[in-house]
Structure formats: C-alpha cells, structure tokens
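Since the structure comes first, as structure tokens, the remarks are kept for the end.
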Amino acid sequence: MTFLRNRAGYVLVGAIAFAIIAFIVGDLIGTGKPFWEASQRVVGSIDGEDVSIEQFGPKVDQSVAQFKQQYGGTVNPQMQAMAVDNAWQAEVANVLLSKEYARLGLTISSDELFDLLQGKNPSPLIMQYFGNPQTGEVDRTAVISSLKAQDKDPRLKEQWDLLQAEIEKQALQQKYANLVRNSVYVSSLEAIDEHNNRNKLASFRYVNLDYSSILDATVKLTDEDYKAYYDEHQSTFKNPVETRGLEFVNFSVQPTAADSAAIKVQMEKLAADFRLTPNDSLFAATNSDVKVPFTYMAKGRLDPAVDSVIFNYPAGSYYGPAFSGNSYKLIKVIDTRFSPDSVKARHILIDPTKVGGEANALKLADSLKTMIANGGDFAALAKLYSVDGSKDTGGDLGTFARGAMVPEFENASFNGKPGDYTVVKSQFGIHLLNIQKQIGSSKVAKLAYIEKTLVPSSKTRDIAYKKATAFFNEAKADNFSALAKKQGYVVGVADRVTASQGYAPGLENPRELIRAAWNADKGEILPEVYKMDNGYVVARVTSVQPKGQLSLEDVKKQIEPAVLTAKKGKVLTEKLNKALAGATSLDQVAQKLGVTVTPLQNIVFSNPVIPGVAQENKVVGAVFGSQVGKLSKAIEGSKGVYAFVVDALVNPAPLANTFKQKQTMIEGIAQRSLGSAFQVLQDKAEIKDNRVKFY
C-alpha cells in the first residue's frame with residue numbers, strides 16, 4: 001500500500017493499467033477513498049509508518065491547548081508553529097523509541113504496572129493526580145475507588161486508558177534511560193584528568209595581531225579561498241532538514257498623520273458623549289479597544305503618562321482625550337478612596353453543579369457561615385466542602401494584592417474588614433470568604449476607561465497594497481533585487497528557513513508565505529502579495545538547501561566572513577612568523593611588530609577566555625601544552641594571531657577521592673548520551689515530513 005501511495009501522483013495512461021491498479025486497491029476504492037486521496041492525507045512518514053492528518057490533528061490541538069493554558073488563552077502564529085513542531089517531535093520520538101524498546105525487549109509487566117498505579121512506587125503521574133502536596137503521599141484509597149468506578153463510567157474509563165498508556169510510556173522511557181546511563185563508564189585516570197583540566201593554572205605573556213587590523217575591502221577572495229575553507233570544514237555543512245532562502249520587500253503599513261487626526265476626532269466626539277451618558281461604565285466598556293476592569297485599582301497598572309496624574313484627580317473629573325504610547329486615552333474618575341495594599345484571606349468554594357444548583361449552594365454557604373459563628377472549625381469545613389486546591393490547607397489563599405482575583409472576590413476582600421465572613425458569587429462558584437488580615441493603605445481609583453489604539457486606516461492599507469501589487473506585477477526573477485533598489489525599497493533577507501517555521505526575520509506572521517515557498521523552485525517569485533501583521537510582502541526564493549551535505553554553492557554566502565578571516569589569518573601569520581624568526585624573547589617580537597606584550601595570570605584550561613579579547617580555545621589549549629619559558633610559534637585564534645611564552649604552570653592538589661568526580665562526570669555524559677542515542681535513531685530512520693501541506 002505504501003508503494004502505491006508513494007506513486008499516487010503519477011498519471012496512469014491506459015484502461016488496462018488503471019484497472020489493474022483499481023483491483024489491487026479495491027479495498028480503498030470500495031470505501032470511497034481512492035489511494036491518491038489517502039496519500040494526500042498523510043502528514044509524513046516515520047521509519048515506514050504513515051502519520052495521517054486524522055491522527056496527527058488532535059495531537060496538535062492538544063499541544064495548542066497546552067500553549068493556551070500556559071500563556072493565557074491566546075496563541076500567536078509563532079506559538080502555533082511551535083505547537084505543531086512539538087506534536088511532530090513527540091510523534092517521531094514515540095515511533096522510533098517504541099521500535100527501539102521492542103528491539104531491546106523492554107516491556108512493562110503487569111506487576112510493574114500495578115506497582116506504578118497503586119503500589120509502593122507510584123508513577124509521578126499518579127502522584128500528580130492523587131498525591132497530597134503537604135505529606136507527599138498518594139491517596140491509594142482514592143486511586144482504587146477511581147479505578148473501580150471506571151467500569152460504570154465510560155468517560156472515566158477513557159481517561160484512565162490514556163493515563164495508563166502515558167504511565168507505561170514514561171516507565172519505558174525510564175528503563176531505556178537507565179540502560180543508556182548504565183552503559184557509561186568513567187575511569188579514575190579520566191576523573192583525575194578532568195580534575196586537572198578544571199583546576200590547573202597557567203600564567204603567560206602574549207602578543208597578538210588582530211584580524212581587524214586589515215580592512216575587509218583590501219582582501220580579495222578567490223574561488224580557491226572558498227574551496228580551501230569548505231574542504232577543511234566540510235563536515236560542519238550538513239543540513240538536518242531542507243531549508244529555503246528568501247529575499248523580500250515589505251511594504252510596511254504604519255499609521256499616517258491623517259490616521260492619527262481621524263482617531264483624535266473620533267475620541268473628541270466620544271468625549272462629548274461620555275459626559276452625557278447615564279451609564280459611564282457601560283459606555284466605556286462598549287467603546288474601548290482595551291478592556292480595563294470596572295473596579296478599584298492601585299497606582300502602577302496604567303500607562304505611565306496616565307498613571308502619574310490620574311490618581312491626583314478628584315471623583316467626577318475627566319482626563320483626555322490624550323495621546324501616549326500608541327493610543328488615545330479618555331478617562332472618567334468615578335471614585336477614589338484609601339484601601340488596603342494587600343489582603344490575607346481564606347475561603348470555602350462550593351460548586352453549584354454538585355449541590356443541586358445555585359440556590360442550594362448559597363444555602364450551604366450560609367449554613368457553613370452559621371456553623372463557624374457557633375464555633376465551627378473553618379479549616380475542617382474547607383477540607384470537607386471546598387472544591388478547589390486550597391481545601392488541603394484549610395482554604396488558605398495566602399496574601400494577595402489587587403488584580404490577583406476576579407473582581408467580585410477582590411471587591412469583597414478589599415472592601416470588607418478583618419474578621420468578616422462574606423458569601424460571594426463569582427464565575428467559579430459560591431465562596432464563603434473570611435478576611436483574616438488587611439495590610440497597608442494607599443489611594444485607589446475606580447475608572448471608566450476608554451482607549452483607542454492608533455492603527456492604519458483602510459485607506460493607508462490600500463495605498464501600501466497598491467504599491468506592493470505594482471511591484472509584484474513588474475518584478476521578474478532576474479531583476480527582483482535591482483528593481484527594488486531602483487524604486488527605493490529595502491530588500492530583506494531570510495536565510496535557512498525551515499518548512500515548519502512560524503517566524504522569519506523582518507516578517508510578522510509569515511506562515512502562508514513560508515508554505516508557498518515550499519511549492520516554489522529556486523529563483524521563483526512567490527505567486528501572490530502576502531498580507532502580514534505589519535504590511536504586505538512580495539518575496540522570491542533565492543536558494544533551496546536540501547537535507548544532508550550542502551555544496552560549496554549552497555554555503556558560499558554564509559561562509560564569506562569566515563573565509564575572509566582565514567585569509568587575513570594567513571597574512572598575519574606570515575607577518576608574525578617573520579617577527580619570530582631569529583627572536584629569542586617575546587619582547588623582541590613585540591618590538592619588531594610595534595605592539596606591546598600583555599601578561600596574564602592564573603588562566604584555567606576549562607575557561608579559555610583571554611580577558612578583554614575573546615574566547616580563544618586554540619590559543620589557551622596551546623598554552624597548556626607548551627613548555628615553560630619557550631617562545632611559541634604563531635597561533636591563529638578566533639580574534640587574531642598570537643605568539644606567547646608560558647611563565648608558569650601550576651598543578652592542583654592531587655584528587656584524594658575520585659568517586660565524587662567520577663559520579664559528576666557520569667551524570668553529565670549519561671545525559672548527553674541519551675540525546676546522542678536518540679539522534680542516532682533519527683539519523684538511521686527515513687523520515688518524510690509533509691507538515692507544510694497542512695499547517
């Protein structure tokens with residue numbers, strides 16, 4: 001079937017040939033899904049296993065949901081691309097590691113699984129869902145009860161199946177990690193060598209000729225220079241994935257003076273209406289681009305230009321319209337007062353859905369309030385009736401400032417008095433709130449707040465789009481850059497862009513443009529004008545770098561700075577060698593070159609930095625391999641060419657016990673070995689990535 005899918009794009013000529021193919025794939029044809037349609041639903045293949053969009057899509061959705069939870073409910077295009085990439089990497093790891101586990105004979109026995117679920121060595125996931133943070137113990141009764149309940153609850157069973165599969169996966173990963181870790185060995189000789197490298201000190205003097213002493217413009221690079229550098233560093237020019245190079249013109253859309261004037265007129269009209277409206281909070285919420293909660297707020301939460309003056313305004317006064325930052329602000333001060341800076345409180349949260357509705361929840365809250373007034377233990381009642389995580393600490397919420405809680409809860413906390421017990425309704429349910437302590441006092445203000453962001457008008461956008469369209473119609477593959485410069489536009493460059501990338505330098509939200517680049521050949525102008533968050537873009541593919549070994553032509557532009565440095569290095573090495581010839585001291589060399597000798601004390605091999613210059617691995621390495629008092633040869637470093645004399649090499653005290661040093665080294669090597677082992681699995685596997693067709 002894979003054989004057929006891989007050839008689904010070919011046109012089959014002749015009824016006999018088509019009939020044979022139709023017979024072979026009759027099972028697909030019979031279900032109404034031709035083989036070519038099936039192949040178009042494949043996101044990629046991992047070591048021979050196809051990944052369909054139907055199985056991959058939900059994993060992307062789950063990854064996106066995690067980003068939303070982590071970053072507050074919104075996912076930008078870059079996060080979306082990262083979510084897709086995370087899902088794909090997880091899929092690759094799952095397929096390759098599952099095969100490796102099978103090859104090695106790694107399994108989780110029924111006894112091991114029992115122990116992970118409800119035994120003495122619970123899985124971290126069981127600890128997460130059924131553990132007590134205070135005691136660090138698992139509530140095994142709750143685990144067993146939930147496992148039994150799944151027989152009567154299909155949804156719970158589905159959740160347990162997913163959890164059990166994840167527990168088994170984590171356990172297998174741990175076994176594999178232990179297998180790799182136990183294969184690592186460090187000898188006593190290696191431990192002593194590492195100890196010496198980290199603690200041996202060198203004092204030396206050096207002279208150097210900086211590469212910047214030769215102007216770039218005076219160096220002429222030849223094809224032989226490029227080839228020599230490429231041949232010497234060829235192993236470093238391997239592309240892990242196929243990439244594209246792009247050049248583009250961004251017709252930026254920025255608000256004009258006319259746009260600013262139009263918004264100002266709009267705000268002035270709103271200001272007039274604002275003074276007449278009977279419901280200023282509703283008016284503000286309806287007309288503002290930025291939603292500011294209609295509650296008391298402390299100084300420090302608004303734009304600095306506004307924040308510095310608004311708390312000096314009396315109630316009933318107006319501010320603005322005034323422009324600051326990138327927007328116009330219009331504010332009415334509804335009220336001001338002095339209020340606590342923070343509150344220490346505890347609560348019991350009741351879920352109305354679990355007690356038969358909101359009315360019952362309110363009755364229960366009132367009953368609990370009465371019980372506490374008659375001597376009941378708030379903490380004990382919280383543990384019994386509350387539905388949020390604070391129940392295990394007696395409902396304790398700690399100390400919080402304004403802005404930390406939902407408005408209803410915040411108002412009750414800051415407007416009440418220490419010792420109050422108050423029933424509060426919020427989006428989370430019904431709270432019985434106890435204010436334990438109020439700390440500090442400062443002025444707060446309740447504001448009706450309107451903000452209009454300065455954005456380009458449709459007219460401004462249309463002008464930019466017309467310019468982009470005109471350039472797109474005139475540009476050709478062979479004159480793109482020249483035409484842009486002739487018309488006064490800046491040509492942007494994005495190198496080594498991957499198919500799954502969600503960003504590119506100089507572009508906002510370029511996902512559709514990147515997808516189009518993967519359907520274009522080298523030299524082609526992409527087929528449309530692309531709308532970005534910050535403008536309209538016309539782009540051209542300048543290079544296609546395949547996966548694997550890159551040619552000299554592929555990397556020539558990229559390596560030019562390094563080739564330039566290498567050529568300067570040859571010139572400066574020749575100059576330094578002439579100065580070294582016949583010299584018996586470093587001072588003589590410095591005198592010939594017209595430079596000064598720089599002394600350095602107590603340089604460590606493991607930190608090869610020449611202070612005030614650069615990290616110079618080759619130079620410091622050569623220092624530790626040299627004899628004391630011997631004038632070195634010329635050494636080409638990263639910043640320049642050096643010669644030195646070692647004044648002293650000081651060995652550290654002998655390593656008395658190698659065990660701790662060996663353990664530290666083993667941990668580091670084992671961690672790197674895990675990554676290396678997985679990289680080898682990826683390198684050996686055939687992985688086809690077609691995500692760019694779907695995302």
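The values are calculated or read from the model by the stated rules, or taken from the named source; none is laboratory data. Note that the structure is predicted; figures quoted are calculated from it, not measured. Here Cβ is always computed from backbone atoms with ideal geometry, including for glycine, and neighbour counts include all displayed protein chains.
Data overview
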| read-out | value |
| --- | --- |
| Checklist (1) modelled with pLDDT under 95; (2) in contact with a Lys or Arg (Cβ under 7 Å, 6 or more places away or on another chain) applied to Gly637, failing item | (1) |
| Residues within the stretch 574-619 that are more than 38 Å from the chain's Cα centre (by Cα), of a type outside the set (S, T, N, Q) and in a strand (DSSP E or B), tallied | 2 |
| Residue match in the stretch 110-132 (condition: touching a residue at least 60 places away in the same chain (Cβ under 8 Å) and either farther than 30 Å from Asp683 by Cα or touching a His at 6+ places or on another chain (Cβ under 9 Å) (or both)) | yes |
| Residues within the stretch 193-214 that are over 18 Å from Val623 (Cα atoms) and over 39 Å from the mean Cα position of the chain (by Cα), tallied | 2 |
| Residue in the stretch 509-538 that is modelled with the lowest pLDDT, counting only those that are of a type in the set (A, V, I, L, M) and assigned to a strand (DSSP E or B) | Met532 |
| Test: residue in the stretch 388-397 that is on the phi > 0 side of the Ramachandran plot and either among the aromatic types (Phe, Trp, Tyr) or crowded, with 19+ Cβ neighbours inside 10 Å (or both) | yes |
| Meets criteria (in contact with a Phe, Trp or Tyr (Cβ under 8 Å, 6 or more places away or on another chain), crowded, with 16+ Cβ neighbours inside 10 Å and not basic (Lys, Arg)) for Val444 | yes |
| Qualifying residue in the stretch 639-647 (condition: out of contact with any Phe, Trp or Tyr (no Cβ under 7 Å at 6 or more places or on another chain) and part of a helix (DSSP H, G or I)) | no |
| Residue under evaluation Val571, criteria (1) assigned to a loop (DSSP other than H, G, I, E, B); (2) over 28 Å from the mean Cα position of the chain (by Cα); (3) farther than 21 Å from Asp478 by Cα, criterion not met | (1) |
| Qualifying residue in the stretch 199-209 (condition: closer than 21 Å to Gln663 by Cα, touching a residue at least 60 places away in the same chain (Cβ under 8 Å) and among the small types (Gly, Ala, Ser)) | no |
| Which listed residue, of Ala670, Ala656, is among the small types (Gly, Ala, Ser), more than 14 Å from Phe204 (Cβ to Cβ) and assigned to a loop (DSSP other than H, G, I, E, B) | Ala656 |
| Residue check, Tyr449 more than 39 Å from the chain's Cα centre (by Cα), of a type in the set (Ser, Thr, Tyr) and either at positive phi or modelled with pLDDT of 90 or more (or both) | no |
| Residue check, Gln89 in contact (Cβ under 8 Å) with a residue 24 or more places away in the chain, in a helix (DSSP H, G or I) and either in contact with a helix residue (DSSP H, G or I) (Cβ under 9 Å, 6 or more places away or on another chain) or not small (Gly, Ala, Ser) (or both) | no |
| Members of the stretch 681-692 found to be surrounded by 11 or more Cβ atoms within 10 Å (Cβ to Cβ) and either in a strand (DSSP E or B) or free of Cβ contacts under 8 Å to residues at least 24 places away in the same chain (or both), listed by number | Ile687, Lys688, Asp689 |
| Number of positions in the stretch 670-680 that are closer than 23 Å to Leu189 by Cβ and buried (at least 16 other Cβ atoms within 10 Å of the Cβ) | 2 |
| Sole residue being touching a strand residue (DSSP E or B) at 6+ places or on another chain (Cβ under 8 Å), outside the structural domain of Glu247 (by TED's automatic domain parsing) and buried (at least 19 other Cβ atoms within 10 Å of the Cβ), chosen from Leu576, Leu526 | Leu576 |
| Candidates Ser260, Ser308, Ser324, filtered to the one that is small (Gly, Ala, Ser) and touching a helix residue (DSSP H, G or I) at 6+ places or on another chain (Cβ under 8 Å) | Ser324 |
| Options Leu96, Leu163; residue that is in contact (Cβ under 8 Å) with a residue 40 or more places away in the chain, out of contact with any His (no Cβ under 7 Å at 6 or more places or on another chain), in a helix (DSSP H, G or I) and surrounded by 15 or more Cβ atoms within 10 Å (Cβ to Cβ) | Leu96 |
| Candidates Asp280, Asp303, filtered to the one that is closer than 15 Å to Ile450 by Cβ, touching a helix residue (DSSP H, G or I) at 6+ places or on another chain (Cβ under 9 Å) and among the charged types (D, E, K, R) | Asp280 |
| Inter-residue pairs, beta-carbon under 8 Å, first within 14 Å of Tyr503 (Cβ to Cβ) and in the stretch 57-85, second among the charged types (D, E, K, R), 6+ apart | Val75/Lys68; Pro77/Arg511; Gln80/Arg511; Ala81/Arg511; Val84/Arg691 |
| Residue within the stretch 166-189 that is of a type in the set (D, E, K, R), part of a loop (DSSP other than H, G, I, E, B) and either surrounded by 15 or more Cβ atoms within 10 Å (Cβ to Cβ) or touching a Lys or Arg at 6+ places or on another chain (Cβ under 7 Å) (or both) present | no |
| Qualifying position, being surrounded by 14 or more Cβ atoms within 10 Å (Cβ to Cβ) and either within 30 Å of Ala90 (Cβ to Cβ) or touching a strand residue (DSSP E or B) at 6+ places or on another chain (Cβ under 8 Å) (or both), among Ala614, Ala648, Ala590 | Ala590 |
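Quick grid of which residues meet (1) aromatic (Phe, Trp, Tyr); (2) more than 30 Å from Tyr385 (Cα to Cα); (3) outside any loop (DSSP other than H, G, I, E, B):
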site	(1), (2), (3)
Phe414	yes, no, yes
Ile430	no, no, yes
Ile435	no, no, yes
Leu447	no, yes, yes
Lys452	no, yes, yes
Arg461	no, yes, yes
Gly488	no, yes, no
